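Dropping a structure here in structure tokens format, bear with me for questions.
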Amino acid sequence: MNQKKTLSTAGLALAGMMVAVVMVSNYISIPTAFSRLHVANAICLLAGMLFGGLQGGIIAGLGSALFDLTYPAYAAEAWITFLMKGTMALVCGVLVSRLWKPSQKRSTLVMASIAGAVTYIALYMFKNYLMLRFVRPVPVETIGPALIGKLSSSAINGLFAVIVAPMLFVALAKALARAGMARHLPILDKVK
């Protein structure tokens, strides 16, 4: 009984730390004309890889939404960020949980990262279209160019995430397994 309580407490502590890492990763960014280039998407994908689909999605969404709440310009959309970043990690985490085996090369991790990043980009573009068309209406002929600018920033963030998240996962999976923490993360039970 005590062992089970300790395991769940350690798992909760790891999840809480990952929420904080996701939140802080949003601060590491370069502003652009249309958006921000940041490392947060890579960390959101990593959350999905380490914690699995649902828990990773909640962690990524919560950390990103908490970041939004620290900026008045983003605060009103924190719930949207929660859903979009959470969905990105959910997609990635479900694929990694179902398909990844430690004996494989990183192709499954990269494929899951691509699926998560593309999901996020699609949701981000849809949200921005709705905002430009209905919430803060602009002339229809300006929507396309505005979306292209946002797509370019989002694609760079996505590419960075697809490259970095699998590398971080492989490094952390081995380190967490050696530290005896693998039992607290379902996907890492596969790592020996």
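Lys pairs in the chain, Cα-Cα under 25 Å, at least 8 apart or on separate chains: how many?
Taking the Cα cut-off of 25 Å, the pair count is 18.
So for the range 46-111, averaging the separation of alpha carbon pairs under 8 Å that are six or more residues apart and normalising by length, what relative contact order in percent results?
Computed over the range 46-111, the figure is 40 percent.
Further question on the same structure: Report the residue, chosen from S35, S103, S153, that carries the largest GNM mean-square fluctuation when the chain is represented by alpha-carbon nodes joined by springs under 10 Å.
Result: S103 has the largest fluctuation of those listed.
Please give the per residue accessible area of the chain, computed with a probe of 1.4 Å over protein heavy atoms only, in Å².
Details: 10090 Å² over 192 residues.
Accessible area per residue: 53 Å².
Only Cα pairs under 8 Å and at least 6 apart count here; give the relative contact order of the chain as a rounded whole percent.
25
Pull up all non-local amide H partners of S29: gap of 5 or more, or a different chain, and H-to-H distance under 5 Å with H placed in the peptide plane.
Excluding prolines and chain starts, which carry no amide H, there are no hits.
Let me ask something else. If you average 1/r over every pair of different alpha-carbon atoms in the chain and take one over that average, what Kirkwood value in Å do you get?
Result for the chain stands at 17.0 Å.
Based solely on its DSSP helices, what 222 nm [θ] is calculated for the chain when runs of n ≥ 4 H residues each add -39,500 (n - 2.57) and the sum is averaged over all residues, nearest 500 deg cm²/dmol?
After summing the helix terms and dividing by the residues of the chain, the value is -25500 deg cm²/dmol.
List the pair-distance distribution P(r) of the range 82-183, using every Cα-Cα distance, as the percent of pairs falling in each 5 Å bin from 0 up to the bin containing the longest distance, rounded to whole percents.
Binned Cα distances yield the sequence 2, 12, 18, 19, 15, 11, 8, 6, 4, 3, 1, 0.
Further question: In debye, nearest 20, what is the charge dipole magnitude of the chain about its Cα centre with +1 on Lys and Arg Cβ and -1 on Asp and Glu Cβ, if you could check? Could the numbers behind the result be given before it?
Details: 17 positive and 4 negative charges, 152 e Å.
Computed charge dipole of the chain: roughly 720 debye.
Going by average Cβ density within 10 Å per residue, which order do the peptides 82-94, 165-177 take, highest to lowest?
82-94, 165-177
Using modelled backbone amide H atoms (1.01 Å from N, in-plane), which distant-in-sequence or interchain residues come within less than 5 Å of W100's amide H?
Here the answer is none, since no amide H 5 or more places off falls under 5 Å of that of W100.
What's the magnitude of the charge dipole for the range 95-151 around its Cα centre, counting Lys and Arg as +1 and Asp and Glu as -1 at the beta-carbon? Answer in Debye, nearest 20. Let's see the in-between values first.
On the way: 8 positive and 1 negative charges, 62 e Å.
My answer is approximately 300 debye.
Okay, next question. Could you please state how large a percent of the accessible area of the range 17-84 is carbon and sulfur, counting protein chains only and using a 1.4 Å probe?
The C+S portion of the solvent-accessible surface of the range 17-84 is 79 percent.
Now for a separate question. Over the range 87-161, calculate the relative contact order: mean separation of alpha carbon pairs under 8 Å at least 6 apart, over the residue count, as a percent.
In percent, rounded to a whole number, it is 32.
Right, here's the next one. Could you tell me which of I121, S103, V140 has its Cα farthest along the dipole of the range 83-167 towards the positive end, charges placed at Cβ (Lys, Arg +1; Asp, Glu -1), taken about the Cα centre?
Value: S103.
The values are calculated or read from the model by the stated rules, or taken from the named source; none is laboratory data. None of these values were measured; they are calculated from a predicted model. Every residue, glycine as well, gets a Cβ built from its backbone with ideal geometry; the counts of neighbours run over all protein chains shown. Quick note on the areas: whole protein, heavy atoms, side chains included, nothing else; ligands and nucleic acids left out. Shrake-Rupley method; radii C 1.70, N 1.55, O 1.52, S 1.80 Å.
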